[in-house]
1. What is the dipole size for segment 108-168, taken about its Cα centre, with +1 at each Lys and Arg Cβ and -1 at each Asp and Glu Cβ, in debye to the nearest 20?
2. Counting only other residues whose beta carbon sits under 14 Å from that of G137, what net charge do I get with K and R as +1, D and E as -1?
3. Could you work out the local net charge near A72, counting Lys and Arg as +1, Asp and Glu as -1, over the other residues with Cβ closer than 14 Å to its Cβ?
4. Counting Lys +1, Arg +1, Asp -1, Glu -1, what net charge surrounds M1 among other residues with beta carbon under 12 Å of its beta carbon?
5. Would you please calculate the Kirkwood hydrodynamic radius of the chain over all C-alpha pairs and express it in Å, rounded to one decimal?
6. Hey, if you put +1 on the Cβ of every Lys and Arg and -1 on every Asp and Glu Cβ in the chain, which of H81, N134, C18 ends up farthest toward the positive end of that dipole?
7. Can you compute the charge dipole magnitude of the chain about its Cα centre, using +1 on each Lys and Arg Cβ and -1 on each Asp and Glu Cβ, nothing else charged? Give it in debye, rounded to the nearest 20.
8. Any chance you could give the angle, 0 to 90 degrees and rounded to 10, that helix 146-160 forms with the longest Cα principal axis of the chain?
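Computed from the coordinates by the stated procedures, all read-outs in this text should not be read as laboratory data. Model, not experiment: these values are computed from the prediction. Glycine gets a Cβ as well: all are built from the backbone with ideal geometry, and neighbour counts include every protein chain shown.
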Amino acid sequence: MTLTAAVVGASGFAGGECCRLLVGHPDFDLVQATSRQYGNKTIGSVHPNLRGVDLRFSDPTDLESVDVLFTATPHGVSMEHVDEFFEAADTVVDLSADFRLDTEAQYDEWYDGHVAPEYLERAEYALPEINRENLPGAELIASGGCNATAAMLGLKPLVDAELIDVGG
């Protein structure tokens, strides 16, 4: 079964890489790539590695209905538009830090407040090496950040060997 996909914020580096991976994946059909800056230009005109892909950027306020919507937006954008994203897709994969923490208190400790805290507990943190079993069926998936991922994967063997106490 092929899943339809959209990438919001597709003109940036992360969005372009997401598009590249989706275009090359046999189980996905990239049907929409959004950009506020490059409306109606081909994605290959911004991402040379996608030349030949017959897809033009569209406005992020005009989302198509898809199976999976990926967000590659700056910090704070996804939380402001998460309801709109769920109107367009049953599954949202957020590449920003907007849904990486579990509670509003945790979020407030590191950032300047969250405008959609009711979604924080619903999000699954995407680190398949650690929580693969939680990802199938998840509606909101928060992609792990590079520094956190490096630290967690580096420490995992020590935690597994009970050389580090994670309980407190």
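1. 260 debye
2. Here the charged neighbours net out to -3.
3. That sum, taken over residues with Cβ under 14 Å, equals -1.
4. Residues close to M1 contribute a combined charge of -3.
5. Its Kirkwood hydrodynamic radius stands at 16.9 Å.
6. C18
7. Rounded to the nearest 20 debye, it is 1000 debye.
8. For 146-160 against the chain, the angle is about 40 degrees.
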